[in-house]
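**Student:** Pasting a structure here, questions to come.
What follows is calculated from the coordinates using simple rules that are stated; it is not laboratory data. Treat the numbers as computed from the prediction; the structure is a model and nothing was measured. Cβ: placed from backbone, ideal geometry, glycine included. Neighbour counts: every protein chain shown.
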Amino acid sequence: MQLRENQPLASFTTFGIGGPARWLVEAASEEEVVEATAWAQEHGASLFVLGGGSNLLVSDAGFNGLILRVALRGISVAESRPQTGQPAQRVYQAAAGEDWDNFVEHTIQDGCAGIECLAGIPGTVGGTPVQNVGAYGQEIASVIDCVRTFDLAERVFVEFTAAECGFAYRRSRFNSADRGRYIVTRVDYRLQPGGAPTLLYADLQRAIETSYSGNAKPSLAEVAVAVRRIRLSKGMLLVDGDPDCRSAGSFFKNPVITEDFFREIAARCARKELPRYPAGSGLENAGLVKIPAAWLIEQAGFSKGYTLGLAAISSRHTLALINRGGATAHEILALANRISGEVEARFGIHLEMEPVLVGFEPPQ
């Protein structure tokens with residue numbers, strides 16, 4: 001285990017913001033995860049687990065503890081025995097430090113459906129079950145077979161089935177009830193060999209029709225290319241030198257509210273059509289509806305390109321807050337608070353931030 005001191009963290013994040021870590025370790029094996037966490041415990045050091053750094057905002061003061069950067073690599077594949085009358089499936093076991101977009105491309109080249117609409121999302125495999133990553137009609141919860149973790153409380157490795165992960169919209173047990181307890185070291189995904197791509201979102205359907213001359217049966221690769229193009233048009237694809245890419249992606253979650261509250265808001269917006277999406281399947285989402293946070297932000301008076309110091313709203317997507325170059329974490333939070341305050345004042349809806357805040361005192 002190699003321990004580095006006073007390691008700057010800005011370069012480890014897509015925001016490009018953040019002070020130094022008191023200590024930093026890159027763990028390339030489960031044994032090093034165990035060793036690093038034991039060191040933190042013995043020295044009374046706060047611990048934060050870092051993956052791809054695509055969903056973080058690190059404070060200007062940095063983190064006065066141990067940053068454990070998960071760098072485990074490796075992908076293995078196993079055919080699964082289908083249930084009677086069900087098609088064969090393939091289980092991919094991916095180490096937590098694998099680049100997510102590279103992994104998606106790997107499965108597409110193998111002809112396996114299930115995560116093609118999640119192409120272009122920055123970060124690592126280990127972060128996908130934590131946030132229950134989803135986009136364009138697909139969600140990680142639907143393809144998870146098993147999540148292997150290290151339990152910091154009991155100091156043993158524990159594996160969870162999808163049903164045990166407590167998945168909900170952008171949530172899991174790992175970022176809610178058990179936040180900070182488990183370190184993801186491997187994720188197993190159950191995908192469909194020869195399966196058809198998912199085409200549920202209108203934006204994606206239009207992109208396919210435009211790019212592939214109305215092809216009614218696009219390939220998995222064509223859908224992934226279309227998704228990446230859409231993400232690029234919104235500044236949600238990491239491109240070197242593109243200022244709109246110095247962000248943490250969507251900064252706010254799409255609010256989920258009751259049908260009654262939706263009708264109340266719609267009545268107040270009589271002259272404008274209030275967009276809505278299903279809150280998700282399952283009894284827990286009965287009577288609920290999802291509203292685009294981007295629409296709320298725009299109606300509250302914030303347009304693309306709006307600036308506050310060196311922080312700004314992306315010129316291509318209202319949901320992304322960006323570092324224009326030299327922005328501080330304080331400036332990003334000031335802009336986020338101004339936006340959420342106006343949305344709450346106008347609609348009575350509190351916008352929840354997506355990025356994890358690291359090193360802030362008191363905790364935000």
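**Student:** Treating only the Cβ of Lys, Arg, Asp and Glu as charged (+1, +1, -1, -1), what charge dipole size does the chain show about its Cα centre? Round to the nearest 20 debye. Intermediate values should be presented prior to the final figure.
**Tutor:** Values: 34 positive and 41 negative charges, 214 e Å.
It works out to roughly 1020 debye.
**Student:** May I ask which residue of Pro197, Ile349, Gly65 lies farthest towards the positive end of the charge dipole of the chain, with charges of +1 (Lys, Arg) and -1 (Asp, Glu) on Cβ and the Cα centre as origin?
**Tutor:** The Cα lying farthest towards the positive end belongs to Ile349.
**Student:** How about segment 139-215: which GluC sites (Glu not before Pro) there lie in a loop by DSSP and see at most 13 other Cβ atoms within 10 Å?
**Tutor:** On the way: sites: Glu139, Glu154, Glu159, Glu164, Glu209; in loops: Glu154.
When the GluC sites (Glu not before Pro) of segment 139-215 are filtered for loop state and at most 13 Cβ neighbours within 10 Å, Glu154 remain.
**Student:** Let me ask you something else. May I ask you to compute the full-extension gain from Asp110 to Tyr212, defined as 0.36 nm times their residue separation minus their alpha-carbon distance, rounded to one decimal in nm?
**Tutor:** Details: separation 102, 0.36 × 102 = 36.72 nm, distance 2.16 nm.
Stretched out fully, the Asp110 to Tyr212 stretch lengthens by 34.6 nm.
**Student:** Once the piece of chain linking Arg155 and Arg4 is laid out straight, how much longer is it, given 0.36 nm per residue of separation minus the C-alpha distance between them?
**Tutor:** Values: separation 151, 0.36 × 151 = 54.36 nm, distance 2.36 nm.
Extending this stretch completely gives an extra 52.0 nm.
**Student:** Using DSSP to define loop residues, name the GluC sites (Glu not before Pro) in segment 218-278 whose beta-carbon has at most 13 other beta-carbon atoms within 10 Å.
**Tutor:** Values: sites: Glu222, Glu259, Glu264, Glu273; in loops: Glu273.
The qualifying sites are Glu273.
**Student:** Taking the Cα centre of segment 215-265 as the origin, how large is its charge dipole in debye, to the nearest 20, when only Lys and Arg (+1) and Asp and Glu (-1) carry charge on their Cβ atoms? Mind showing how you got there, number by number?
**Tutor:** On the way: 8 positive and 7 negative charges, 45 e Å.
Dipole about the Cα centre, nearest 20: 220 debye.
**Student:** Here's a follow-up. Can you show me the helix-derived [θ] at 222 nm for the chain, built from DSSP H runs with n ≥ 4 at -39,500 (n - 2.57) apiece and divided by the number of residues, rounded to the nearest 500.
**Tutor:** Taken over the chain, the calculation gives -7500 deg cm²/dmol.
**Student:** Please list, in order, the residues from segment 316-341 whose amide nitrogen is less than 11 Å from a point placed 7 Å along the Cα→Cβ vector of Glu298.
**Tutor:** 317-319
**Student:** May I pose another question? Based on the alpha carbon coordinates of segment 1-117, what radius of gyration and maximum Cα-Cα distance (Dmax) apply, in Å?
**Tutor:** Answer for segment 1-117, Rg first and Dmax second: 18.1, 57 Å.
**Student:** Restricting things to Cα coordinates, could you compute the convex hull volume per residue of segment 141-234 in Å³?
**Tutor:** Numbers: hull volume 12.1 nm³, N = 94.
It comes to 128 Å³ per residue, whole-number rounded.
**Student:** Hey, any idea what the orientation-averaged projected area of the convex hull of the chain's Cα atoms comes to, in nm²? Please list the in-between numbers first.
**Tutor:** Details: hull surface 77.5 nm².
That works out to 19.4 nm².
**Student:** Moving on to the next point. Would you please calculate the Kirkwood hydrodynamic radius of segment 213-364 over all C-alpha pairs and express it in Å, rounded to one decimal?
**Tutor:** Details: mean 1/r = 0.0581 Å⁻¹.
About 17.2 Å, per the Kirkwood formula over Cα pairs.
**Student:** So, counting K/R as plus one and D/E as minus one, what does the shell of residues with Cβ under 13 Å around Gly114 add up to? Could the numbers behind the result be given before it?
**Tutor:** On the way: positive: Arg90, Arg190; negative: Asp110, Glu116, Glu139, Asp145, Asp188.
That works out to -3.
**Student:** For Arg229 and Asn285, FRET efficiency with R0 = 30 Å and r from the beta-carbon atoms, rounded to 0.05? Don't jump to the answer; show the numbers that get you there.
**Tutor:** Working: r = 30 Å, r/R0 = 1.01.
That pair, Asn285 with Arg229, gives E of 0.50.
**Student:** On a full-extension model of 0.36 nm per residue, what is the gain between Glu42 and Tyr277, subtracting their alpha-carbon distance, rounded to one decimal in nm? Don't skip to the end; give the middle numbers.
**Tutor:** On the way: separation 235, 0.36 × 235 = 84.60 nm, distance 4.82 nm.
Net length gain for the segment: 79.8 nm.
**Student:** Also: What nm value, rounded to one decimal, do you get for the distance between Arg179 and Glu31 when each label is placed 7 Å out toward the C-beta?
**Tutor:** Each label point lies 7 Å from its Cα, and together they span 3.5 nm.
**Student:** Could I ask something else about it? For every other residue with a beta carbon closer than 11 angstrom to the beta carbon of Ala196, add +1 if it is Lys or Arg and -1 if Asp or Glu, then tell me the sum. Present the calculation step by step, with values, prior to reporting the outcome.
**Tutor:** On the way: positive: Lys217; negative: Glu116.
Neighbourhood net charge equals 0.
**Student:** If Lys and Arg each add +1 and Asp and Glu each add -1, what is the summed charge of the other residues whose beta carbon sits under 9 Å from the beta carbon of Asn254?
**Tutor:** On the way: positive: Arg170, Lys253, Lys290; negative: none.
After counting each charged neighbour, the total is +3.
**Student:** More than 17 Å apart: what percent of Cα pairs in segment 3-70 qualify? Walk me through the intermediate numbers first.
**Tutor:** Values: 789 of 2278 pairs.
The calculated P(r) of segment 3-70 puts 35 percent of pairs beyond 17 Å.
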